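Read the structure below first, then the notes.
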Amino acid sequence: MVTSSADAYSVPFASCVVCGDPATPPATEESVADASLPTVLPSRLPTPDLCDKHWADYRTDWLLLGWCVDHYGQALTECPVHHREIEPL
Ligand SMILES: [Zn+2]
Ligand SMILES: [Zn+2]
């Protein structure tokens, strides 16, 4: 098996649901996460995978997330997988 430098960590990185960059777990700011994370996400949905930039956008309401069939996406854009408009949360 060929191991590239991108596989330095065994844990696969999630991709940002908006731009596809490596996602950043929100738990890195554990002490402030509870206060800074918006409460609009229904608890039954998983935490969205977002990169640093889009977490910042999301927290400042510049980014509207939506839910497609089984994944997050940018609301009111067309899902490239399912070819339907992503519904806002
Ligand atoms: Zn992003
Ligand atoms: Zn979709």
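Values in this text are rule-based calculations from the coordinates and carry no lab data. All figures in this text were calculated on a predicted structure; none of them were measured in a lab. Backbone-built Cβ (ideal geometry, glycine too); neighbour counts: all protein chains shown.
Things worth noting here:
- Highest average packing first - 53-59, 68-74, 78-84, Cβ atoms within 10 Å: 53-59, 68-74, 78-84
- Given their separation in residues at 0.36 nm each and the Cα-Cα distance between them, ALA75 and ALA14 gain 20.0 nm when the chain is fully extended.
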